[in-house]
Amino acid sequence: MDDQFTIYIEKMHKTHDNLMEELAAIRAGRANPHVLDKIMVDYYGVPTPVQQVGNVSVPEARIISIQPWDKSMLKPIEKAINMSDLGINPINDGTVVRLVFPELTEERRKQLTKEVKKKGEEAKVAIRNIRRDAMDLAKKLEKSSEITEDDLKRQTKDIQDLTDHMCDKIDKSVEAKNKELMTV
């Protein structure tokens with residue numbers, strides 16, 4: 001594809017990358033440090049990601065441990081987690097904040113798979129919108145005689161092939177996440 005279309009290729013890849021970040025933040029029974037990615041702690045008046053104020057580790061399959069470098073950060077970390085939509089009460093023992101993840105119920109697993117499918121569909125809609133914009137550009141270039149009719153056909157085929165590839169990639173990512181969620 002021509003240089004004019006590279007922006008659309010990049011947008012499609014960014015859409016998939018964004019979906020992968022969102023899927024990583026959905027917990028699947030096991031403790032995953034990525035669930036903390038969007039949680040910000042008030043670090044001396046500056047909103048700071050949890051990972052930047054302490055050491056985040058997973059000592060056991062269902063426990064995340066956050067050991068702040070500065071002990072005075074225990075309360076702000078605990079407060080930030082309580083204010084988030086994580087739905088887990090942090091345990092502060094004076095040196096470490098622990099998050100114990102309960103086993104997911106069957107109902108909650110099914111609810112999460114629906115959420116994952118919805119995010120996948122939203123990503124595919126975004127991909128299709130990017131395709132539409134790229135197709136419009138190709139038609140505009142052909143109309144203004146900047147590309148030939150054969151070039152237009154080639155461009156539209158390339159754009160459609162990329163769209164199909166990205167939608168397949170999204171489907172596989174959603175399927176893998178749902179499999180992870182349904183594994184007990």
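The values are calculated or read from the model by the stated rules, or taken from the named source; none is laboratory data. On a predicted model such as this, the values are computed, not experimentally measured, just so you know. Virtual Cβ from ideal backbone geometry, glycine too; neighbours counted across all protein chains shown. Heads up: the accessible areas ignore ligands, DNA and RNA and are worked out on the full protein's heavy atoms, side chains in. Shrake-Rupley method; radii C 1.70, N 1.55, O 1.52, S 1.80 Å.
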Review point. On a 0 to 90 degree scale, rounded to 10, what angle separates helix 74-83 from the longest Cα axis of the chain?
Key: 50 degrees
Point to revise | Cα shape, segment 28-152, gyration tensor, a/c 1.5 rule | key: prolate
**Study point:** Shape call, segment 1-72: gyration tensor on alpha carbons, a/c limit 1.5
**Key:** oblate
Check your understanding: Rounded to the nearest 20 Debye, what is the dipole magnitude of the chain about its Cα centre when Lys and Arg each give +1 and Asp and Glu each give -1 at the C-beta?
Key -> 640 debye
Practice item. Would you calculate a helix-derived [θ] at 222 nm for the chain, using -39,500 (n - 2.57) for each DSSP H run of n ≥ 4 and dividing by the full residue count, to the nearest 500? Key: -19500 deg cm²/dmol
Revision key, fill the gap. Straight-line reach check, LYS11, cutoff 17 Å on alpha carbons, 8 or more apart in-chain or any other chain, hits among aspartates and glutamates -> ASP2, ASP3, GLU21, GLU22, GLU121, GLU122, ASP133, ASP136, ASP158, ASP161, ASP164, ASP168
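Quick check for segment 107-150: number of Lys pairs with alpha-carbon distance under 24 Å, counting only pairs 8 or more apart or on different chains?
Lysine pairs, 8 or more places apart or on different chains, close enough: 5.
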Review point. Given a cut-off of under 8 Å on Cα pairs at least six residues apart, what relative contact order in percent is computed for the chain?
Key: 23 percent
Exercise for review: Evaluate the relative contact order of segment 73-143 (contact order divided by residue number), counting alpha-carbon pairs under 8 angstrom at least 6 apart; express in whole percent.
Suggested key: 17 percent
Point to revise | Å² per residue, accessible surface of segment 1-131 at 1.4 Å | key: 58 Å²
Practice item. Apply the Karplus parameterisation 6.51 cos²θ - 1.76 cosθ + 1.60, with θ equal to phi minus 60°, to every residue of segment 161-171 and state each ³J(HN,Hα) to the nearest whole Hz, in sequence, with x for glycine and proline. Key: 4, 5, 4, 4, 4, 5, 5, 5, 4, 5, 4
**Study point:** Where chymotrypsin sites (Phe, Trp or Tyr not before Pro) in DSSP loops with at most 14 other Cβ within 10 Å are excluded, longest remaining stretch of the chain
**Key:** 70-184
Practice item. Keeping the other protein chains in place, figure out the carbon and sulfur percent of the accessible area of the chain, with a 1.4 Å probe. Key: 51 percent
Review point. Looking only at segment 104-146, which residues have a backbone nitrogen under 16 Å from a spot 7 Å from the Cα of ILE7 in the C-beta direction?
Key: 129-142
